[in-house]
Structure formats: structure tokens, C-alpha cells
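Working notes for the structure below.
The values are calculated or read from the model by the stated rules, or taken from the named source; none is laboratory data. Small disclaimer: the values here were computed from a predicted structure and weren't measured. Here the Cβ positions follow ideal geometry from the backbone for every residue, glycine too, while neighbour counts run over all protein chains shown. Ligands, DNA and RNA are excluded from the accessible area calculation, which covers all protein heavy atoms including side chains. Shrake-Rupley method; radii C 1.70, N 1.55, O 1.52, S 1.80 Å.
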2 protein chains.
Amino acid sequence: MNIGQAARLSGVSSKRIRHYESIGLLQPARRTGANYRSYSERDVHVLRFINRARELGFGIDPIRELLSLWSNRRRSSAAVRSLAARHLEDIDGRIAGLEEVAKTLRTLVKQCQGDDRPDCPILGALEHP
Amino acid sequence: MNIGQAARLSGVSSKRIRHYESIGLLQPARRTGANYRSYSERDVHVLRFINRARELGFGIDPIRELLSLWSNRRRSSAAVRSLAARHLEDIDGRIAGLEEVAKTLRTLVKQCQGDDRPDCPILGALEHP
DNA sequence: GATCCACCTTACCATCATGGGAGGGTCAAG
DNA sequence: CTTGACCCTCCCATGATGGTAAGGTGGATC
């Protein structure tokens, strides 16, 4: 199948597929006589795997490792778990940072009258720490 | 004062100050005879304002608006509040997305044995939706 | 007055993953 | 043979920042 169908079946855009190939995340696709990339069901399977990993927020390099582990029958589940756990910590850290910002913003927004007058604790907080 | 001191006093790196000037977030600084940028206390005050807004996750364009409101004596607090509220919604949305991802990851990590055997529900979940 | 270090300047490249678009080739149906 | 939907490669843009290169400046010390 052509790249467009692989894209539709996998949820990975053609643009992304070409990109993944260019950075070596995917093996270069076989080509037809007209130089069109040609994909198999198996390729779509891999693309779906990548897509789900991206949806879980894994970056490209971790996905490289995931793919390598996935195709390695002698992998240890510990290696996979450790990769995912590290990623989870990263996410949790980002959530914590955003929560803090959200908390501050929520307080300020609540304190602000939101009327026609210029006085505003939000600007006040930005001006004076 | 030179850019380095303005950077130290405001918490905005020299690099960032030059960048903000280049994109028009800051007025071009006065220059000394040697073409060095020269800053006043007032400039540092503005830089601190920008820095705090960045720390609260505001993007550059919203900060442009915040600066404009800040310097406008006839602003309405409603305008500031609306800007902050929109930003807060954005943050809350991002948190929600990350929470969802974290929840999934946490479940998978818990289910994974993390031993020497290859069987791993994390890879399984990536493979089969 | 020479030297040295810390500072300043501009300019370009990298990040991270993706989309957009230009300019052009290919294929199948009408 | 034309049309439209594909496909190709290549380049640019994103957002905000850091890194680095190559060179000028300022003030202190020898």
C-alpha cells in the first residue's frame, strides 16, 4: 500500500511517516517503480505502536528504545518498566509545575474584580513578587 | 547599566533580553558610544514583570498584551482577568491531558512485573489499543 | 603602554516534532 | 488526453531559549 493508506490505517500522517524514516526511527520503506513508498500490514502495525507511544507522550528517542525492546525476545520487562517509569516521573513533574502555576493563577483570577476599573491584583502580582 | 547587570537584577538572561528586543517585546535599548545596550531601573522593572509573566507560563504574545494593559491607565481589570482566565483554561487543559496520560502510564507500570522475563503489559498496550 | 579578563556585539545553528507549501512526477478513471 | 488524487523532495516555520563563534570594549594590573 502507498503512504496515504498506511497513514489512514495507522493514524500517523504521511508527513510524520516520512519524517520518522528520515530520522531513522523507521527503516527506509521499499519503493515502487515510480519511487513511491510501499508499506505492509506489518509496517502499519509498527506505525500504530509508535503512534500510541507518542500519544502517551514518549519522545522519539525513548520510542527508539521501546521499538528495540519490542522486537527483542530476550528483553526484560524491567527494562521496559524502567523506561515507562522514568517517563511517568517526567510527566508527574510537569503536572506538578503546571499545578503550581494554575494555583497561583486561579487565586489571582478570583481576586480580580473583572470590571471597568483598572485596579487588578494580577498586574500587581506581576509587578511586585 | 549594561545588559549583564540588567540580566542579574531582573532574572532575565542577556540572551533573552536581546531576543525580546529583537522580536519587539521590548523597545530597542539606548546605546553607549561603544554600542553597548544601556538600561535603567525602569527597564529592569519591566524585565522583572516579563519574567514573572513567563514564570506563570504566559506566552510572548499574551505578555505583549499584559504590558500594554499594564501601561494603560484606562485599562479595565476585566481585560486583564480575561487574559489570565484564558491562560488558566489552557493550563488546566494541559494538566488534564497529562493527568490522563499519567493515569494510563501509572496503571501499566503497576501491572508490569519488572523482572527478567520479557512479558510486559506496557508493550502489550502499545501494540494493541 | 601592554596584557589580561570580563564583558559586550552580531550572527548563525540547535532544540522537538510537526505542519505547510512549492514545484513537479504518477496513476487511474472518464 | 485530461482531470484529480495521489506521490515525491526540499525548504521554511513554529516557541523560546541556549550554545557558540568571531570579534570589539573597558578597566585593572604589571
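Of everything in region A:88-116, what is facing chain B (nearest Cβ under 7 Å) and either basic (K, R) or within 13 Å of B:C112 (Cβ to Cβ) (or both)? Give them in sequence order.
Within region A:88-116, A:L88, A:R94, A:R106 meet the criteria.
Can you run down the residue pairs with Cβ atoms below 9 Å, 6 or more apart or on separate chains, where the first is in region B:52-67 and among the aliphatic types (A, V, I, L, M) and the partner is exposed (fewer than 14 other Cβ atoms within 10 Å of the Cβ)?
Cβ pairs passing all conditions: B:I60/B:I23.
Could you check how many residues of region B:66-97 are within 12 Å of DNA strand D (Cβ to nearest atom) and open to solvent by 40 Å² or more (accessible area, probe 1.4 Å)?
Of the residues in region B:66-97, 1 are within 12 Å of DNA strand D (Cβ to nearest atom) and open to solvent by 40 Å² or more (accessible area, probe 1.4 Å).
State which residue is nearest to DNA strand C (Cβ to nearest atom) when the search covers only region B:1-27 and only residues that are in a helix (DSSP H, G or I), more than 14 Å from chain A (Cβ to nearest Cβ) and open to solvent by less than 50 Å² (accessible area, probe 1.4 Å).
Among them, the one singled out is B:G4.
In this structure, does B:R30 turn out to be within 12 Å of DNA strand C (Cβ to nearest atom), basic (K, R), within 18 Å of the chain's Cα centre (by Cα) and more than 10 Å from chain A (Cβ to nearest Cβ)?
When the stated conditions are applied, B:R30 does not pass them.
Would it be correct to say that B:G57 is of a type outside the set (S, T, Y), more than 14 Å from DNA strand C (Cβ to nearest atom), in contact with a Lys or Arg (Cβ under 8 Å, 6 or more places away or on another chain) and open to solvent by less than 70 Å² (accessible area, probe 1.4 Å)?
No: the conditions fail for B:G57.
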